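For reference, the structure discussed in these notes is given below.
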Amino acid sequence: MGKVILIGFDELETEGVRLILSSLAEVLSISEEAFKMKLKDVLDNPPTGFSTWNGKRFAIIHEAPPAEIVKRIKALQLGEVIFATSTPTSLNWKLEKLLKELEEEDEYFSSR
């Protein structure tokens, strides 16, 4: 089963996502200490908790069907969420580097 890392979701939102994704992926809510870890290490041994990153929401999808996951999370109408899938390269990045990259990409595409 794949995994989805949530950042910027509160406890109630996280439980809602867990419910709608229970058949597709394990949902991980991580603490801010995960930002200093490589993505692959977060996936293997996630420090649990709730974290925020510049007031934005992220859903990082690993080895799970991205189209269906995006569709289901969007159906919850929680506002803007930045979605990403893991890649062989991003698995070796520290999570904070990945979040900065995703944030920059989102700002670039939003301004177009």
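Data table
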item: Selected residue [closer than 24 Å to GLU104 by Cβ and either not polar (S, T, N, Q) or not in a loop (DSSP other than H, G, I, E, B) (or both)] from LEU12, LEU19, LEU43; result: LEU43
item: Residue tally, condition within 17 Å of ILE82 (Cα to Cα), in contact (Cβ under 8 Å) with a residue 40 or more places away in the chain and not basic (Lys, Arg), over the range 31-67; result: 15
item: Filter result (of a type in the set (Gly, Ala, Ser) and farther than 23 Å from GLU32 by Cα) within the range 57-76; result: ALA64, ALA67, ALA75
item: Candidates VAL27, VAL4, filtered to the one that is in contact (Cβ under 8 Å) with a residue 60 or more places away in the chain, of a type in the set (A, V, I, L, M), farther than 10 Å from LEU95 by Cβ and part of a strand (DSSP E or B); result: VAL4
item: Candidates GLU96, GLU63, filtered to the one that is touching a Phe, Trp or Tyr at 6+ places or on another chain (Cβ under 6 Å) and of a type in the set (D, E, K, R); result: GLU96
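None of the figures in this text is laboratory data; all of them are computed from the coordinates on show. Fair warning: this is a prediction, and the values are worked out from it, not measured in the lab. Neighbour counts run over all protein chains shown; Cβ positions are idealised from the backbone, glycine included.
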